[in-house]
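Some notes on the structure that comes next.
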Ligand SMILES: Cc1cc2nc3c(=O)[nH]c(=O)nc-3n(C[C@H](O)[C@H](O)[C@H](O)COP(=O)(O)OP(=O)(O)OC[C@H]3O[C@@H](n4cnc5c(N)ncnc54)[C@H](O)[C@@H]3O)c2cc1C
């Protein structure tokens, strides 16, 4: 089986195929595996950083399966219970939303556990958001009030990377059903420590290598040839190479690459940016590993052992902004959030323009399934029809799905 693309979707497919005893070749056009979920040494900071802070939740099943399969030893970091700490940059007010572990959400009956200034009635929209059906979120709930502004909107913005009001209610419901709907035990925030590479990519690459499959790097799939209902040729830059009769191909590349390789493919074509600011600064003692920021530009502040890092989702408005201006603004917000007064340390701004597809109903409707009209070609990627927004969990599941379909075509 040949896999083009060694992001998490391609790696997940490769691991699932190997577990089924199938020989795999996997290659990526980039100089390293991991795709949009990668770590690297940043010379400006002289630190290993992630392209962007990635949050997963304790109840993400594919994350657990993948990490267990590849023997990722170091646990993801995060609290024992579903606690989300917030700070309002403007007022200085801080609060913690603290869910109980079980499915019955009795935490909303306890003023000390819920959003300050909220009453029970403010939580009713949560039930409406859990209901099935597609449409814009703002057609289902009014995007206002303390619970919306101080909990639901920040959480959905992080999960969907799209203005929550215009986002797909089906995608929001899928996220909420699998997390908040299953109770606090499934909703604990989890962060890759010390890096994404250590938590996801390196163990998978090593696991594959130990089983005879090295990820080919700097190898770009340039063209696909077809013969009737099957893929018969792959061109990696040195001319068309035949695909053996029983051989399958998994295309685990971003949607804009997939549509260029398969011209009649319909796929998401509207994207949202994510901007991250990284700072070479050891967080003060007691700084929470993750803090939601309200009323500033930065939305989440992460405290790593050797650095501070902030994230802005749906950040298209910042893509052309001056980097130093952004760094100074983020740093002022970090100082306000942590209650410190420190000069701007070494910094790096990472702008990912096409971080995820826009999680709108229109874009969600464009997502193809893993099967294609060619019997030996399968699609994987966070943009395929996983039912989830573009997330690590979705990417990993898409790889599992493509592998399952590919395995089913193998001669017994
Ligand atoms: C800044 C940022 C923050 C994020 N935050 C979160 C978060 O908090 N939580 C979360 O769950 N998700 C988050 N995500 C989303 C998550 O990173 C993605 O959903 C996931 O990594 C997608 O994996 P993928 O394998 O589907 O795609 P990709 O990672 O894009 O992998 C595709 C691979 O294909 C390769 N490729 C491209 N063209 C070719 C070609 N022609 N031939 C061979 N290879 C090719 C690319 O180099 C790439 O490695 C974030 C994303 C970004 C960018």
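The values are calculated or read from the model by the stated rules, or taken from the named source; none is laboratory data. Remember, it's a predicted structure, so these values are computed and weren't measured experimentally. No Cβ is skipped: glycine too gets one built from the backbone with ideal geometry, and neighbour counts run over all protein chains shown.
Among the residues of the stretch 355-383, write down those that are under 14 Å from the mean Cα position of the chain (by Cα) and either within 23 Å of residue 232 (Cβ to Cβ) or near the ligand (Cβ under 8 Å from one of its atoms) (or both).
Within the stretch 355-383, the first condition is being under 14 Å from the mean Cα position of the chain (by Cα), and the residues that meet it are 355-359, 381-383.
Across the stretch 355-383, the qualifying residues are 355, 356, 381, 382, 383.
Within the set of pairs 6 or more residues apart or between chains, which connect a residue that is within 21 Å of residue 17 (Cα to Cα) and touching a residue at least 24 places away in the same chain (Cβ under 8 Å) inside the stretch 211-228 to a residue that is outside any strand (DSSP E or B) and more than 10 Å from the ligand (Cβ to nearest atom) with Cβ atoms less than 6 Å apart?
The qualifying pairs are 211/18; 213/24; 215/205.
On the given criteria, is residue 29 crowded, with 22+ Cβ neighbours inside 10 Å and within 15 Å of the ligand (Cβ to nearest atom)? Walk me through it before giving the result.
Values: crowded, with 22+ Cβ neighbours inside 10 Å: no; within 15 Å of the ligand (Cβ to nearest atom): yes.
The answer is no for residue 29.
For the stretch 234-260, name all the residues that are crowded, with 16+ Cβ neighbours inside 10 Å and either free of Cβ contacts under 8 Å to residues at least 60 places away in the same chain or not in a strand (DSSP E or B) (or both).
Across the stretch 234-260, the qualifying residues are 236, 243, 247, 248, 252, 253, 254, 255, 257, 258, 259.
Before we move on, is residue 207 assigned by TED's automatic domain parsing to the domain that holds residue 371, at pLDDT 95 or above and surrounded by 16 or more Cβ atoms within 10 Å (Cβ to Cβ)? Show your work before the answer.
Values: assigned by TED's automatic domain parsing to the domain that holds residue 371: yes; at pLDDT 95 or above: yes; surrounded by 16 or more Cβ atoms within 10 Å (Cβ to Cβ): yes.
The answer is yes for residue 207.
I'm trying to understand the selection: among the residues of the stretch 217-233, which are within 14 Å of residue 5 (Cβ to Cβ) and surrounded by fewer than 17 Cβ atoms within 10 Å (Cβ to Cβ)? Break it down into steps so the answer makes sense when it comes.
Within the stretch 217-233, the subset within 14 Å of residue 5 (Cβ to Cβ) is 217-222, 224.
Selection gives 217, 218, 220, 222.
Kindly evaluate residue 272 against the criterion of being within 27 Å of residue 256 (Cβ to Cβ) and touching a strand residue (DSSP E or B) at 6+ places or on another chain (Cβ under 7 Å). Let's see the steps before the verdict.
On the way: within 27 Å of residue 256 (Cβ to Cβ): yes; touching a strand residue (DSSP E or B) at 6+ places or on another chain (Cβ under 7 Å): yes.
Considered against the rule, which asks whether it is within 27 Å of residue 256 (Cβ to Cβ) and touching a strand residue (DSSP E or B) at 6+ places or on another chain (Cβ under 7 Å), residue 272 comes out as yes.
For the stretch 72-82, indicate whether the set of residues that are over 20 Å from residue 187 (Cβ atoms) and either in the same structural domain as residue 288 (by TED's automatic domain parsing) or within 16 Å of the ligand (Cβ to nearest atom) (or both) is non-empty.
Within the stretch 72-82, one or more residues are over 20 Å from residue 187 (Cβ atoms) and either in the same structural domain as residue 288 (by TED's automatic domain parsing) or within 16 Å of the ligand (Cβ to nearest atom) (or both).
Residue 15: more than 7 Å from the ligand (Cβ to nearest atom) and at pLDDT 95 or above, yes or no?
Values: more than 7 Å from the ligand (Cβ to nearest atom): yes; at pLDDT 95 or above: yes.
In short, yes.
Residue 325: free of Cβ contacts under 8 Å to residues at least 40 places away in the same chain and crowded, with 20+ Cβ neighbours inside 10 Å, yes or no? First the steps, then the outcome.
On the way: free of Cβ contacts under 8 Å to residues at least 40 places away in the same chain: yes; crowded, with 20+ Cβ neighbours inside 10 Å: no.
Judged against the criteria, residue 325 is not a match.
Exactly one of (1) surrounded by fewer than 23 Cβ atoms within 10 Å (Cβ to Cβ); (2) assigned by TED's automatic domain parsing to the domain that holds residue 28; (3) within 23 Å of the chain's Cα centre (by Cα) is unmet by residue 349. Its number?
Every condition holds for residue 349 apart from (2).
Just give me the residues in the stretch 128-140 being under 25 Å from residue 290 (Cβ atoms) and either crowded, with 22+ Cβ neighbours inside 10 Å or touching a strand residue (DSSP E or B) at 6+ places or on another chain (Cβ under 7 Å) (or both), in sequence order.
Our first condition is that a residue be under 25 Å from residue 290 (Cβ atoms); within the stretch 128-140, this holds for 129-130, 137.
Hit for the stretch 128-140 is 137, nothing else.
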